[in-house]
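The values are calculated or read from the model by the stated rules, or taken from the named source; none is laboratory data. Predicted model only: the values in this text are computed from it and were never measured. Positions of Cβ are generated from backbone atoms using ideal geometry, with glycine treated the same way; all protein chains shown enter the neighbour counts. Side chains are part of the model used for accessible areas, which takes the heavy atoms of the whole protein and leaves out ligands, DNA and RNA. Shrake-Rupley method; radii C 1.70, N 1.55, O 1.52, S 1.80 Å.
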Amino acid sequence: MPAKRTAPSARRSGPQPTPAELRERILSATRELLRGRRFDDLSVADVLAAAGVSRASFYFYFPSKQAVLGELVRDAVAQGQQAARPWIAQEKDPIAALRAGVSDGARLWRENAGVLMAIVESWGSDEGLRDLWLEQMDTFTEAAAARINADPHARERLGSMDVRAVAASLTWMGERLYYLAAAGVPPFDDERVLIDTLTNAWTSALYGATVTRAEAVRGRADKPRSGT
């Protein structure tokens, strides 16, 4: 009968870390390294040194550095889904909810800039990362499309337009602008400009409403209205 597979131990002496701790070391080390390094320039050896784990430990939990990035991306996307929940779940005024979601999205990208920039820069050249990122982005598109279809104001505003195409366009625009902000590209390196621009893009497309800078500062927005 084959012996039961067990996780290799870390290199360090003293109390042995648990499997969960070893795995988290790898994830945390990769996250930290990506704050100052491009993913393409990062090697498994770099992660081993930063995490203080053996090569055997790394490959016990992850088949590649791409798999580590994938895990970090899924975690960030899960946080993004929580940020979008007030609008998706119709928990408050839709325009106020959209602005809150965009603001939380900006914070999320700021806190996870290295990870999210890595996937945006890498998915076009790696088939596995491409599948991962398209799948993750599709979760936002599907949720947005369902929310639009459930909103009579938005449906009236869009008329005969393809709802999923509109949802995908708004979702991918957000991805691009958040990326530009994380990369320090003006004018989106100014978080106020980023939030105002994305909020107005969503609200004007879906409700025909805009949010001025003064309203944004006061936390106010127009109520949804139909028509052009």
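Numerical summary
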| item | result |
| --- | --- |
| Gained length - T139 relative to R38, 0.36 nm times residue gap less alpha-carbon distance | 33.8 nm |
| Helix-only [θ]222 nm of the chain, DSSP H runs n ≥ 4, -39500 (n - 2.57) each, per residue, nearest 500 | -22000 deg cm²/dmol |
| Whole-percent carbon and sulfur share, accessible surface of the chain, 1.4 Å | 52 |
| Computed over the chain: relative contact order in percent, which uses C-alpha pairs under 8 Å that are six or more apart | 17 |
| 21 Å tail of the calculated P(r), segment 76-191, as % of Cα pairs | 39 |
| Cα gyration tensor shape for segment 12-112, rounded if a/c is under 1.5, else prolate or oblate | prolate |
| Rg followed by Dmax, in Å, when the chain is reduced to its Cα trace | 20.9, 72 |
| Pair E191, A78: separation of 7 Å Cα→Cβ label points (nm) | 2.4 |
| FRET efficiency for S204 and S54, using Cβ-Cβ distance with R0 set to 45 Å, rounded to 0.05 | 0.25 |
| Rg(Cα)/(2.2 N^0.38 Å) for segment 129-190, N = residue count | 1.32 |
